[in-house]
Amino acid sequence: MSVVFQPRGTVVFLLALPERKVWWSDANYLTLFGRQKSAESADQGRFSAIASLPINNLLSRSIVLTPDGADAIAIFSVAASTWEGRIERPPYTQVVERWNLATRTRRWSRTLPALPIIGTYGDSDVVVLGPHGLYATRCIKVGAPSSDTRCYVTALDERTGALGPTETISYTDFSFSWRGEFQQVSPGRRFALVAAHSNSSPYFLIFDDRGRRAGWVNASCARFAEGGSEERPTILIDEQSSLENNASLHGRFNLLKDASACQLKQESKEAEAHLNSGSLRHSGFRWLGGGRRIVWSSLTQRDLEWDELPKAHVLDVDRVGLPGPLPAPPGMERARVLLSGSGSELYAQADKRLFRLEETGFLLDSAPPAPPYVLSHREDAILGFHYEGLDGSKYRLVLGKRQPDEGITWQRISAVSQFTPDFVSFEDAGRPRVLIAGGKAGLQWVDARTGQMLLRSCGGGAEPPGRCSDKGETDYRGLVMSSARKTAFTMHLGLQSIRYNNSFDEIELSTGKVLRSFPAPDWDTSAPLDLPMGWVEKERRFWIEGKLPLTKRASVTMVTIPEGGAAPRYDSFAALGWYPDFGADPEGRFFIFGRDHDTIDVFAPDGTLVVTLGTPDDGAFAQARDGRFACTGGACGEFRCVVGDVARPVTDPACAAFRVEGFSILEELARVRNASE
């Protein structure tokens, strides 16, 4: 028995079995769902989730269910950094895992042998389970001048996941790619049928129960027929397909033209349409913050029209509860409000007034700088930045200082930034200074009293102010300062045309001298990235947020600072979030990634997904990794207790053991930490 939350607005894939059909999606972790047909079902005929596995940083490639339907076995892809004298980030590492659907627990996990480097491009994976065992097949297209396909078939023990031998097979008659649109298993579980594409021409690959290709079918729609011989199953293909083009298969498979062959594809569209019933409701996150509060705001799109005013929600991290609406500043209930700062130091700008969030709500603070600035708070200073697009830069900056009983005084400074800037404040010989990482504007030292730029570093130490070149070697993003306030680490992006050219530099704050430098991972910089940084453990580990190459997933990388010339250690995890829907606790206790539909995920520093929070229009919900959940209002209507494969309403007594009043993020983080120890 488990509790699941229904995914919404997501692409779905079909896994067709003789006894039932199951769809799956990467949304809401990895969710499997099917049509409810039982008389006990809470939603007769509705597509309801039957399992939701807490998998957040793996890309699902191929899934099969065990014959009893209790477990799912899948191939996942994960991007993982390795250290071989420099950062190596292979495109993907293939992992096979077995999960129990009822308990949401992983039985075993095995990393498949790495594919050899043979000038290949593209890869496709399929996992098959049959009378002869469990096999993971990975096929790659070999580039010119040859045009063959090479497949690697690895045997695994179904019970333990132990790796067996790997067989290499080459095919010269086809080149293909697939993304698991659907996978069908013959009634005898002897063969698997997988949708594929080649030069925009659809067809289906047939794999036997040893993971080897048994043939391919030219058809836009195809499926195994119920019944038939285990050795010679019947494959139905759509009426538009030519039997002559599939003549070579007739000796082993019985091919029949049948209009019902498209049934599975039609059912996939129906399932997706059902789950996408809220597809015209899209939330665009505008701000995420962490600290003693988690706060986020978003705009929602309905029927191609955006809400006039953003919604904001807040959750205290150490109190048990659910997210609640963030109250508007007094008198600003219908005004457009700009939130900025962090959950620990949150500001709201509205109608030329600046408010600060206290325990009792927003209090008037002072007049904000004009025009409205986004604020970033660091200890004893505030940096405001506003888009102007002048002088090849993106942001103009102002420096704020809180004075006792006077509110904030603002000082416009001569520093600029191409990206959302990061900064640290310190003293040099008793004089207040601010160091700003401004992207291609370089590192900039500013006098906090006058606002004048004193020094600039374009690489290799600080020099009198001048213009950095535009060749990319001066790109600095992110700053974290040491406890002694004498040095800081920053991310130095090298020339984008050269791989493995990035570095983390520790610089002396007073001079800009590079004290040590070590290689940094590559990130996808095709879109503007701020690459913010922060401490997880002072002087020992810091984090940096980026975007994994070739994926739509944001990532957090933990960097363990090397000592005595040792190599640094990198530990990364990916999330479903999409930049810039990201927030980090200033103390490095947790990270937040935003999803669509007013939903956010909270992660521990090791990448464990701790809690998912959501605030639909008519309620709120939260769900922990182990299935415990809390909900109010209409949000409760999307939770289901699953007993066997029957979805029951949230009011069913079976749900009582999972339902709680709310969550304390700090308590959930402690729970995850204790479990790992």
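The values are calculated or read from the model by the stated rules, or taken from the named source; none is laboratory data. Because the structure is a prediction, the values reported are computed rather than measured. When we count neighbours, we look across all protein chains shown, and the Cβ atoms used for this are built from the backbone with ideal geometry, even at glycine. Remember, those area values only see protein heavy atoms, side chains included, never the ligands or the DNA or RNA. Shrake-Rupley method; radii C 1.70, N 1.55, O 1.52, S 1.80 Å.
Given the structure, is E244 acidic (D, E), modelled with pLDDT of 80 or more and more than 24 Å from Y152 (Cα to Cα)?
Numbers: acidic (D, E): yes; modelled with pLDDT of 80 or more: yes; more than 24 Å from Y152 (Cα to Cα): yes.
Considered against the rule, which asks whether it is acidic (D, E), modelled with pLDDT of 80 or more and more than 24 Å from Y152 (Cα to Cα), E244 comes out as yes.
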* Asked: Name the pairs whose Cβ atoms lie under 6 Å apart, with the first residue in region 175-203 and of a type in the set (V, I, T), the second at pLDDT 75 or above, and 6 or more positions between them or separate chains?
  -> V185/L17; V185/A192; V194/V126; V194/Q183; V194/L205
* Selection within region 315-331 - open to solvent by less than 60 Å² (accessible area, probe 1.4 Å), over 28 Å from K352 (Cα atoms) and touching a helix residue (DSSP H, G or I) at 6+ places or on another chain (Cβ under 8 Å) -> V317
* Given the conditions (1) at pLDDT below 90; (2) in a strand (DSSP E or B), report the number of the one that T137 does not fulfil. => (1)
* Asked: Do the conditions hold for D601, that is, is it open to solvent by less than 30 Å² (accessible area, probe 1.4 Å) and outside any loop (DSSP other than H, G, I, E, B)?
  -> yes
* **E267 vs. criteria at pLDDT 80 or above, out of contact with any Pro (no Cβ under 6 Å at 6 or more places or on another chain) and open to solvent by 70 Å² or more (accessible area, probe 1.4 Å)** => no
* For residues in region 140-164 being open to solvent by 30 Å² or more (accessible area, probe 1.4 Å) and closer than 16 Å to L115 by Cβ, which is modelled with the lowest pLDDT? -> K141
* Which fully enclosed strands (runs of 3 or more DSSP E) of region 340-397 have 1 or more residues being touching a helix residue (DSSP H, G or I) at 6+ places or on another chain (Cβ under 8 Å) and crowded, with 23+ Cβ neighbours inside 10 Å? -> none
* **Residues that are in a strand (DSSP E or B) and of a type in the set (S, T, N, Q), drawn from region 398-426** => Q403, T409, Q411, S414, S417, S425
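Aliphatic (A, V, I, L, M) and surrounded by fewer than 21 Cβ atoms within 10 Å (Cβ to Cβ) - does that describe any residue in region 205-215?
At the first step, the residues of region 205-215 found to be aliphatic (A, V, I, L, M) are 205-206, 214.
This time we only want the ones that are surrounded by fewer than 21 Cβ atoms within 10 Å (Cβ to Cβ), so: 214.
Yes, the conditions are met somewhere in region 205-215.
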* Can you name the residue in region 448-464 that is under 18 Å from P432 (Cβ atoms) and assigned to a loop (DSSP other than H, G, I, E, B) and, of all such residues, is least open to solvent (accessible area, probe 1.4 Å)? -> G451
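The rows are residues; the columns are (1) modelled with pLDDT of 70 or more; (2) surrounded by 21 or more Cβ atoms within 10 Å (Cβ to Cβ).
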site: E537; (1), (2): yes, no
site: L548; (1), (2): no, yes
site: P562; (1), (2): yes, no
site: G565; (1), (2): yes, no
site: D571; (1), (2): yes, no
site: P580; (1), (2): no, no
* Structure fact -> Residue hits (region 627-645; touching an Asp or Glu at 6+ places or on another chain (Cβ under 9 Å), modelled with pLDDT under 90, buried (at least 16 other Cβ atoms within 10 Å of the Cβ) and in a strand (DSSP E or B)) are R640, C641
* Asked: Looking at S425, S366, S393, which is the one that is in contact with a Ser or Thr (Cβ under 8 Å, 6 or more places away or on another chain) and touching a residue at least 12 places away in the same chain (Cβ under 8 Å)?
  -> S393
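For region 398-412: of the residues being touching a Ser or Thr at 6+ places or on another chain (Cβ under 6 Å) and touching a residue at least 24 places away in the same chain (Cβ under 8 Å), which is most open to solvent (accessible area, probe 1.4 Å)? Let's see the steps before the verdict.
Of the residues in region 398-412, the ones touching a Ser or Thr at 6+ places or on another chain (Cβ under 6 Å) are 401, 403, 407-408.
In the following step, the residues that additionally are touching a residue at least 24 places away in the same chain (Cβ under 8 Å) were identified as 401, 407-408.
Values: K401: 88, G407: 15, I408: 12 Å².
Among them, the one singled out is K401.
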